[in-house]
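> Pasting a structure here, questions to come.
Read the figures in this text as sums done on the coordinates, not as results from a lab. The structure presented is a predicted model; accordingly, all values stated were derived computationally and were not measured. Every residue, glycine as well, gets a Cβ built from its backbone with ideal geometry; the counts of neighbours run over all protein chains shown.
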Amino acid sequence: MENIIKVENLTKIYKIPKKQNMWRSMFWPKYEKLVAVNNINFAINRGESVALLGPNGAGKTTTLKMLTGLMLPTEGSIDILGYTPFDRNFEFLHKIALVMGNKNGLSWDLSANQSFALLKTIYELSDDRIKHSVNSLAEILDVTNCLDRPIRKLSLGQRLKMELIAAIIHNPDILFLDEPTIGLDVVAKKNIRDFLKKLNTKNESTIILTSHDMDDIENVSDRVIIINYGKIIFDDSIEKLLSNYRDKKYITFIFKEPVREAELKDFGKIIDKKTLLCKFEIPAKEQTKLITKITEKFNVDDIDITHVPLDEIMTDMYKSGNT
Amino acid sequence: MLSEFNKAIQLRFNLLRECTFFSFREATAYAGNNYGNMLSTFFYMTTYLVFIGAIFNKIKTVAGYNYGEILLLTLVTQVCFYIVWSFTISNTDLLARNVKSGNLDLWITRPVPLLWFVTFQKININSLLMDAIPATTPLVILVINNFKEPILFVNLLSGIAVMIMGIVISHCFQFILNLSCFWTGENQNMRNLAFELGFFGDAIPFEGYSPNFRKIGMLFIPSMINSALATSVILGKNSNPITLPVIFVLMIIFMWLNIKIWNLALKHYSSASS
C-alpha cells in the first residue's frame, strides 16, 4: 500500500498570554506554552478512511489544520502526496478538499449553482465536467431540486450537502472532514455517511475525519487514531478497538408485560430500565446463562445483544488514558 | 517558465472576472437595499456642494484654491473614495469576518493565489454604479460649469498617475492595518482607525498643509496622495519633477510591506476552533 500521508514528530505549541494586570499585559505581556500536539507520528495509505478522535482540546482539530496547511507546525514534518501542506502548492491543493460542518464556503445569498461557477474558475474545470460532477453528486445526495435555490432558503442538511458538493466538485484524492454531520437530523446524517463510504470505496478517496458522533466513525472509518493531551493513545482498526472491549456485552430484554426493577437486579448490572425494557451490562461469557435465566422466569418478547458502544469505549479511554 | 507566468496571469484575470460577476450577483440579491444607499450618498453630496457654495459666496479662495479648483478636488476625492470603498473596504471587512469565523480556512485550502483573492474577492461594482454615479453627477456638472482654468495634458496624466498610485497606497495602508485581525481576532476598531486615517482631511487642498507636514503626512494619511496631491499636480500647483518617482517608490514600499505582513499573518493564522 502506498503511504500518501506521512507525519513525523509533529508538534504544535501555542503561545497563550498569561493573566496579568491590564498595564503589564499591554506593555510586558508574558506567555505560557500550551502543547496542543506533542510529537506524533503516523502514516495513512491511499484509500484508507481514518478517524481522528479525542476529547475536546485533545489536539485532533489542530492536527487536521496542520495536515491541510491551515497552520504551520512548531516542529516536525508532514508529507502529503510529496508536498508540504503549508507551502500551499497549487497541485497539492487541487488534490485535497476540506469540509467543516460548522463553516460556510457558499454564498448565503446566491444559489449553489452560482457559487459553483466561482469554483469552476478556481479549479479550472470545463463546463461539461462541472455539470457532470454537480449533477451526479446532487443526485446521490438527493438535492438536485435545491441547486438553484438561494443557500439561505435551504435546510441545514441541504446546506451541508451543498458544502460537500462544493468541496469535492474537483474530485480530490484526499478529503478532510471536520464534524461533517454536526447539527443534522438522523436521516441527513445517514445520507452523508453513506455517501462518504461510497466515495471511499468506489472512488478510492482517502478520508480523514474528525467527529464526536461515534456513528459517523463506525459507518465511515476503518481505522481510528485516538489523540489525548496531544499524544496518540491508539492507532488501529475499529475492529481492534472494539475487540479490546469484547469481554463485555450489553443485553436488552423487551418484556411482554411490565417487570419491576427489584425483580431483575439480582441478574446483573442494570444500565437502563423502562416499563417493558431492561438493559444489562455483563461479562460476554455469561450472556447465555443470563438469557436462559431471564427467559425462564419472565415473558420475553425480544432480545438484543450488542457490543459496548464506541462512545462508551471512547469515554473509558479518555478517562483512563488507556493504550 | 513563460507559460507558467502566463498561466498565473490568466488565473488571476479569470478570478477577477468571476469575482466581479459573483459580487454583482450577491449585491443584486437584495436589490431594494441598494436604493437606500443611493439616496443617502446623493443627499450627502448635494448637502456638501451646498456647503461649499455657501463658503465661496463669502470668500474667494481656500489655501489658494478657487471655487472651481475646490470642486475639482472634491471630484478627485469622491472618485478615490468610491474606488477605495468598492474595492478595499468591502474586502477588508470580508477578510476580517472570514478570519474571525474561520471561514478563511475554506479558501486557504483551495488553489487560489490567496492575497490576490482576498484583495479582489468582493468587487462592489454595484456600489460604483448605484452610489457613485448618481451622487457625483451634480458634482461633474458643477465642475464643468465652474472650472475655467486650462489644464495641461501632461499635468492631467501625471495627476491621474499620482491618483492611481495613491489609491494603491491607500489600499495597502488599510489592508495592512486590517491584518491585525490575524492576531486579535476582532479588529473593528482598527478598521475604523484605518478608515478614518485613509480619508482624513480629504477635503483639504495639498497646499493647505504646512510644508513639513506634507512630507511626513503622506506616510500615514493616504488621502493626501490620492486626492490632495493628485489634484495639486493636475492643477499644475506642484510641478516638482521628483513627485512622481517618490510616490512610485512609496507605492512599491507599501506593496512590499503588504506582501510581507500578509505572509507573516498567514503564519500566525490559527483559524477559529470548530
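> Check the straight Cα-Cα distances from A:Lys189 and name the aspartates and glutamates below 20 Å, setting aside those fewer than 8 residues away within the same chain.
Qualifying aspartates and glutamates at Cα under 20 Å: A:Glu139, A:Asp142, A:Glu163, A:Asp178, A:Glu179, A:Asp213, A:Asp215, A:Asp216, A:Glu218, A:Asp222, A:Asp311.
> Evaluate E = 1/(1 + (r/R0)^6) for A:Asp128 and A:Asn171, where r is the Cβ-Cβ distance and R0 equals 22 Å; express this FRET efficiency to the nearest 0.05.
0.95
> Pick from B:Thr92, B:Thr136, B:Thr231: which residue has the top mean-square fluctuation in a GNM of chain B where Cα pairs under 10 Å get a spring?
Top of the fluctuation ranking is B:Thr136.
> Ok, one more. May I ask which of A:Lys120/B:Lys260; A:Lys248/A:Lys279; A:Lys65/A:Lys240; B:Lys122/B:Lys260; B:Lys60/B:Lys215; A:Lys120/A:Lys198 have a Cα-Cα span longer than 18 Å here?
Over 18 Å apart, Cα to Cα: A:Lys120/B:Lys260; A:Lys65/A:Lys240; B:Lys122/B:Lys260; B:Lys60/B:Lys215; A:Lys120/A:Lys198.
> Taking the beta-carbon count within 10 Å as an exposure proxy, list A:Ser126, A:Ser25, A:Ser107 from fewest neighbours to most.
Starting with the residue having the fewest Cβ neighbours, the order is A:Ser126, A:Ser25, A:Ser107.
> State which helices in chain B qualify, where a helix is a whole DSSP H run, it must extend 20 Å or more along its own axis by its Cα atoms, and its mean Kyte-Doolittle hydropathy must be at least -0.5.
Membrane-span-like by this rule: B:2-28, B:31-58, B:67-84, B:153-178, B:243-268.
> Based only on other Cβ atoms within 10 Å, what is the fewest-to-most ordering of A:Met26, A:Met317?
Least to most surrounded, the residues fall as A:Met26, A:Met317.
> Quick one: Cα centre-to-centre distance for segment A:53-101 and segment A:178-248, in angstrom?
The distance from the Cα centre of segment A:53-101 to that of segment A:178-248 comes to 18 Å.
> Please list the non-local residues whose amide H lies under 5 Å from the amide H of A:Gly54, H modeled 1.01 Å from N, same-chain partners needing a gap of 5 or more.
Long-range HN contacts for A:Gly54: A:Ile227.
> I've got another one for you. Do the sum for chain A: with -39,500 (n - 2.57) for every DSSP H run of n ≥ 4, divided by all residues, what is the mean residue ellipticity at 222 nm, to the nearest 500 deg cm²/dmol?
After summing the helix terms and dividing by residue count, I get -10500 deg cm²/dmol.
> Nearest-5 percent of antiparallel DSSP beta bridges in chain A?
In chain A, DSSP labels about 70 percent of beta bridges as antiparallel.
> Something else now. How much of the DSSP bridge set in the protein assembly as shown is antiparallel, in percent, rounded to the nearest 5?
Around 70 percent antiparallel, to the nearest 5.
> Sort B:Arg110, A:Arg193, A:Arg152 by Cβ crowding within 10 Å, fewest neighbours at the top.
Least crowded to most crowded, the residues run A:Arg152, A:Arg193, B:Arg110.
> Place a point 7 Å from Cα of B:Thr61 in the direction of its Cβ. Which residues in segment B:194-216 have their backbone N less than 13 Å from it?
Residues B:207-208 qualify, since their backbone N sits under 13 Å from the label point.
> Which whole-Hz couplings ³J(HN,Hα) result when phi for each residue of segment A:171-181 is put into the Karplus expression 6.51 cos²θ - 1.76 cosθ + 1.60, θ = phi - 60°, listed in order with x for Gly and Pro?
Along segment A:171-181, the couplings run 6, x, 6, 10, 10, 9, 10, 10, 6, x, 10 Hz.
> By a straight-distance test (C-alpha under 12 Å), which aspartates and glutamates pair with A:Lys6 as possible cross-link partners, with residues fewer than eight away in the same chain excluded?
Hits, sequence-local ones excluded: A:Asp79.
> Continuing with the same structure: Under 5 Å between amide hydrogens, which residues at least 5 positions from B:Ile123 or on another chain qualify, with H placed 1.01 Å from N in the peptide plane?
Amide H neighbours of B:Ile123, under 5 Å, 5+ apart: B:Ser23.
> Taking the Cα atoms only, what angle lies between the long axis of helix A:112-122 and the longest principal axis of chain A, rounded to 10 degrees?
That works out to roughly 50 degrees.
> Tell me the relative contact order for chain A as a rounded percent, counting alpha carbon contacts under 8 Å between residues six or more apart.
Normalised by residue count, the contact order of chain A is 19 percent.
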